[in-house]
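Peer 1: Can you read through this structure? Questions will come right after.
Values quoted throughout were computed directly from the atomic coordinates according to the rules given, and no laboratory measurement underlies them. Everything quoted here is computed from the prediction, not taken from an experiment.
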Amino acid sequence: MAKKKPFPLRIDEDILSAVQQWAADDLRSVNAEIEYLLREALRQAGRLKKNSEKQN
């Protein structure tokens with residue numbers, strides 16, 4: 001498993017609220033949902049290393 005690094009995040013409260021709802025719908029934590037969304041965006045943009053794509 002990849003090493004996790006803490007990162008403080010400032011986020012608009014409307015965006016956070018939407019992500020919290022989405023995370024609840026997907027039965028994920030907010031942190032896991034943000035990681036998933038970032039990973040998918042990076043994958044779609046072709047900016048994710050091959051070994052990172054398998055961590056779903």
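Peer 1: Give, in nm to one decimal, the length gained when the segment between Glu35 and Leu16 is fully stretched (0.36 nm per residue of separation minus the Cα-Cα distance).
Peer 2: 5.5 nm
Peer 1: Residue by residue through the stretch 22-32, what is 3J(HN,Hα) from phi via Karplus (6.51 cos²θ - 1.76 cosθ + 1.60, θ = phi - 60°)? Round to whole Hz and write x for glycine and proline.
Peer 2: These are the phi-based 3J(HN,Hα) values: 4, 4, 4, 4, 8, 6, 10, 6, 4, 4, 5 Hz.
Peer 1: For the chain, what is the mean residue ellipticity at 222 nm derived from helices alone (per DSSP H run of n ≥ 4: -39500 (n - 2.57); sum divided by total residues; nearest 500 deg cm²/dmol)?
Peer 2: Only helices count here, giving -17000 deg cm²/dmol.
Peer 1: Provide Rg and Dmax in Å for the chain, with only Cα atoms included in the calculation.
Peer 2: Values for the chain (Cα only, Rg and Dmax): 12.3, 33 Å.
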